Amino acid sequence: MVEAVRVRTPASAANLGPGFDCMGAALTLYNEFCFSLLPDEGSLDIDLKGIDVVHLTTDADNLAYKSFKRLYDRLGKKTPGVKIEIDMEIPLTRGLGSSATAIVAGLVAANHLAESPLSQTELMELAIAIEGFPDNVVPALLGGCHLATKDEGGWLICDIPWHETIIPVVAIPNFELSTADARRILPSGYDRQDAIFNISHIGLLVRGLETGNPEWLKRGMEDRIHQPYRKTLIPGYDEVKQAAIEAGALGVAISGAGPTLIAFVNADRGTEVGTAMVESWKTHGIHVDALSLMLDRKGTTVETVELE
C-alpha cells in the first residue's frame, strides 16, 4: 500500500481577459505538497515553508487537508491520519491560484493514497465544487489553457491551443486583494452591448492564443465584465498596462481576481516588459516582482515517496 506521495501543482492565471469565470492557464510556478499517512486515525501534522506561510493554518481548517478529507468523505471512508508538508512558491491572494493548488493537491493525494478510486474527471468536478469556479482548478489539475462550461450535460472542458511564441509575464505587487472583495465590486447586471463585446473578444483571444497574432491578442484581452471594475482596486493599473504595451506586450489583463497583472509577450521582450511594469508601479510606491514564465503543460504531478 502507498503510504506517502509528493504532489506538485502549478499556479494558474484565471479570468483571462473576457474569459471571466470560465478560462484559465497553468503557469510554471509551483506549490509542492508531501502527504504521509500516520498510524493514528484522524491525526494531523502540518509543516510549512516558503512564502506567505504565516497566513496558512496548521489545523483542520487548512485547505489542503480539508480537500484531502473531502475525498475520503466522498468515498464514505474515515480520513486517515496524515502529515502534510507544504512548500509554497505561489503568493497568496495575488490572483495566481494558490488556493486552487491546495484543493487539487489534497484531492489528488487522497485519491492516490486510496488506490485511485476516482477518475481524473471526477477529481476535476470535485475540485470545482470545492472552489466554486473552474477557471483556476481545471488548469491546475490538467495543465495548459482551458475553457470550461457547464450545462444540463455537466462540465465540458475545451483545451485551447497556445502558440509556442507566447510567453506569460506576471507582475506581482506587494499587496493583497481578496477574491471576495474583487467580486463585491462587480455589478449585478450588464448592458447587452457589454455582453456582446465579451462574446466577440473571447473569440479573438482564443484565436490569438492559437496563432500568436499580436493584434488579436492585444484586443482579445479586453473585456467589459470584470476588469473595468476591478482595476479600481489596483493602484496604477492603467499606467502599468500602458507601460507594458509600450514595452512590447501583446496583451495585458488582470490575473484571477488580481492584483497581479499578466502580459503576453514574445520571448525576446519578456525582460523589457517585466521591467516596464516594475518601474511604472514604483512611481506609485508599490514594490513588484516580475517573472517571465511559460505555459505549464503537465498540470499536477504525483509520485510515490519511499518512507524511511
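The values are calculated or read from the model by the stated rules, or taken from the named source; none is laboratory data. Worth saying up front: this structure is predicted, and the values here are computed from it rather than measured. When we count neighbours, we look across all protein chains shown, and the Cβ atoms used for this are built from the backbone with ideal geometry, even at glycine. Quick note on the areas: whole protein, heavy atoms, side chains included, nothing else; ligands and nucleic acids left out. Shrake-Rupley method; radii C 1.70, N 1.55, O 1.52, S 1.80 Å.
Remarks
- Additional length obtainable on full extension of the chain from Glu3 to Glu279, 0.36 nm per residue less Cα span: 94.5 nm
- Rough spin-label spacing in nm, given labels placed 7 Å along Cα→Cβ, for Thr271 and Lys83: 4.4
- Region 89-140 and region 264-308 have Cα centres lying 21 Å from one another.
- Distance from region 45-84 to region 145-195 (C-alpha centre basis), Å: 27
- For region 134-289: Kirkwood Rh in Å [reciprocal of mean 1/r, alpha carbons]: 16.5
- Counted over region 1-153, the DSSP beta bridges are approximately 75% antiparallel.
- Protection proxy ranking for 153-161, 174-182, 120-128, using the average of other Cβ atoms within 10 Å per residue and placing the highest first: 120-128, 174-182, 153-161.
- For Asp40, the shell of other residues with beta-carbons less than 12 Å away shows a net charge of 0, using +1 for Lys and Arg and -1 for Asp and Glu.
- Put Thr211, Thr283 in order of accessible area, highest first, and with a 1.4 Å probe you get Thr283, Thr211.
- Top of Ala64, Ala140, Ala105 by mean-square fluctuation, Gaussian network on the chain, Cα under 10 Å: Ala64
- For Thr211 and Lys66, a Förster radius of 41 Å and the Cβ-Cβ distance give a FRET efficiency of 0.50, rounded to the nearest 0.05.
- Solvent-accessible area of Met294, all protein chains in place: 100 Å² (probe radius 1.4 Å, heavy atoms, ligands and nucleic acids excluded).
- Angle in degrees between helix 237-246 and the longest Cα principal axis of the chain, rounded to the nearest 10: 70
- Backbone HN-Hα couplings from phi across region 98-103 [Karplus 6.51/-1.76/1.60, Hz, Gly and Pro as x]: 4, 5, 5, 5, 5, 4
- Applying 1/(1 + (r/R0)^6) with r as the Cβ-Cβ distance of Thr232 and Lys49 and R0 = 30 angstrom yields a FRET efficiency of 0.25.
- Table column - 3J(HN,Hα) (Hz), region 53-58, Karplus curve with 6.51, -1.76, 1.60, x for Gly and Pro: 5, 5, 8, 9, 8, 10
- Over region 142-200, relative contact order from alpha-carbon pairs under 8 Å, at least 6 apart, %: 20
- Each residue of the chain gets 134 Å³ once the volume of the Cα convex hull is shared out per residue.
- Other residues with beta-carbon under 12 Å from the beta-carbon of Val240 carry, at +1 per Lys or Arg and -1 per Asp or Glu, a net charge of -1.
- Degrees between helix 270-282 axis and first principal axis of the chain (Cα, 0 to 90, nearest 10): 80
- Per residue accessible area in Å² of the chain, where ligands, DNA and RNA are left out and the probe is 1.4 Å: 44
- When you filter the trypsin sites (Lys or Arg not before Pro) in region 23-118 for DSSP loop state and at most 11 other Cβ atoms inside 10 Å of their Cβ, you are left with Lys78.
- Counting 0.36 nm for each residue step from Ala195 to Arg219 and taking away their Cα separation leaves a gain of 7.1 nm.
- Summed residue charge, Cβ within 13 Å of Arg297's Cβ, Lys/Arg positive, Asp/Glu negative: -2
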